[in-house]
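The values are calculated or read from the model by the stated rules, or taken from the named source; none is laboratory data. Computed from a predicted structure; not experimentally measured. Please note: Cβ atoms are built from the backbone with ideal geometry, for glycine as well, and neighbour counts cover all protein chains shown.
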Amino acid sequence: MDMPLSNPSAATLPTIGAIDCDIHPAVPNTLALLPYMDEYWRDILSGVIVGVDGGIGRMELASYPPSAPLSARPDWRPPEGRAGASLAAMQEHALDHFGLRFAICNVLHGAQAAFSPYFGAALCRAINDWVVAEWLDRDPRLRASIVVSMVDPALAIEEIERRADDPRFVQVLVLAMGEMPLGRRVYWPIWEMAARNRLPIGIHAGSMYRHAASQSGHCTTLVEDYAMMAQGFGSQVVNLVSEGVFAKYPEMKVVLIESGVSWLPPLMWRFSKDWRGVRNEVPWLKKAPTSIIRDHVRLTVQPLDGPPDAREVERLLDHLGSDRMLLFATDYPHWQFDGDEAVPPGLPDSLLQRIMVENALETYPRLTDPIPA
């Protein structure tokens, strides 16, 4: 049963009961995961962590260094510890403040970048059990993504199958930049398991750092890495379409999380233009890539990297060509907006109900599944 909606301040969201599609509980440190690991991994990690200041005790993704300004808003940072590590703070700052109906927890952690498939899978398993015990069981408004490592598809499938019976898990979470493009057939069994369980694939900004973020080589600054994420997202969209993933799994949805939006319309135009000349190479594509992307790809609106002028934003949305592609997100505790401006400026009032509620319900079919007592 949903928790009754709180009374947010008049300056918050225009739609009460919005669905937040990207919220970030933070694992405080690896010690917090030990109770959710088997004896083998507890022994190994306890031996590594003891006597080591930092090191494996944090396992941050380099895409989101905790001290970087974008990783947490100043007013959402606690006096000590990690931003996002407190349920009480999340309730105060986001769930209660914005009057959310649901919020989808996307845990970002170095587990997804681990080179060892066994170590990465053990950490992902512990993260998923930790998010149940420490977050989902403590607030009925919370839902979560199943965190998996893509190093070994068989282990990822095993983890999805293990957690799919819990309807509070509503998608599978992977990173935008990995070892191979996500449409490659080696990953198809993962998508089959996800599709069978009505789980969209959430592709979140972040990298396993197997390759340079830039297509011209390695970056030297965080701002380059951050800006280059659009290339990573774009390559995944083109590959998923070209390899025929959506033809094979026609009900599948992919959610691009923290990807921005403005880069997609020109990519769709160029992709469809080039497809017309070489479409005999991909006979499984029965319609233009632009149409396939509109049917299967969704994007969160934080950050909405559009111009501040409302007319220009409307023009951007017109080029996007669909009112079903955008999903509301606060991105708590990441710093994508100030104060109560969780809805990016320029979005037409006529689309807000769809963006903040209806599109999420269409994208995540498990959101309305009954939760066993």
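State which residue is surrounded by the fewest Cβ atoms within 10 Å (Cβ to Cβ) when the search covers only segment 198-238 and only residues that are aliphatic (A, V, I, L, M) and in a helix (DSSP H, G or I).
Here is the first cut: in segment 198-238, the ones aliphatic (A, V, I, L, M) are 199, 201, 203, 205, 208, 212-213, 222-223, 227-230, 237-238.
Applying the additional criterion that residues be in a helix (DSSP H, G or I) yields 222-223, 227-230, 237-238.
Details: L222: 15, V223: 10, A227: 15, M228: 18, M229: 22, A230: 20, V237: 27, V238: 20.
Filtering first and then ranking leaves V223.
Where helices (runs of 4 or more DSSP H) fall entirely within segment 246-328, those with at least 3 residues that are of a type in the set (D, E) are at 310-320.
Just the residues that are surrounded by 24 or more Cβ atoms within 10 Å (Cβ to Cβ) and either within 18 Å of D369 (Cβ to Cβ) or not hydrophobic (A, V, I, L, M, F, W, C) (or both), please, taken from segment 142-156.
Pass one, segment 142-156, residues surrounded by 24 or more Cβ atoms within 10 Å (Cβ to Cβ): 142-149, 156.
Result: L142, R143, A144, S145, I146, S149.
Annotation note: of A62, A10, A18, the sole residue that is at pLDDT below 65, within 30 Å of P348 (Cβ to Cβ) and among the small types (G, A, S) is A10.
The set of residues from segment 172-211 being at pLDDT 95 or above and among the polar types (S, T, N, Q) comprises just one member, N197.
Checking each residue in segment 95-120 for being assigned to a helix (DSSP H, G or I) and surrounded by 22 or more Cβ atoms within 10 Å (Cβ to Cβ) picks out L95, A111, Q112, A113, G120.
When only residues in segment 213-224 that are more than 24 Å from P69 (Cβ to Cβ) and not hydroxyl-bearing (S, T, Y) count, which is modelled with the lowest pLDDT? The selected residue is Q215.
Here's the yes/no breakdown for (1) in a helix (DSSP H, G or I); (2) at pLDDT 90 or above; (3) surrounded by fewer than 16 Cβ atoms within 10 Å (Cβ to Cβ); (4) of a type outside the set (F, W, Y):
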{"site": "P333", "(1), (2), (3), (4)": "no, yes, no, yes"}
{"site": "Q336", "(1), (2), (3), (4)": "no, no, no, yes"}
{"site": "G339", "(1), (2), (3), (4)": "no, no, yes, yes"}
{"site": "I355", "(1), (2), (3), (4)": "yes, yes, no, yes"}
{"site": "L361", "(1), (2), (3), (4)": "yes, yes, yes, yes"}
{"site": "P370", "(1), (2), (3), (4)": "no, yes, yes, yes"}
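Residues checked against (1) of a type in the set (V, I, T); (2) surrounded by 20 or more Cβ atoms within 10 Å (Cβ to Cβ):
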{"site": "K248", "(1), (2)": "no, no"}
{"site": "L256", "(1), (2)": "no, yes"}
{"site": "V261", "(1), (2)": "yes, yes"}
{"site": "K287", "(1), (2)": "no, no"}
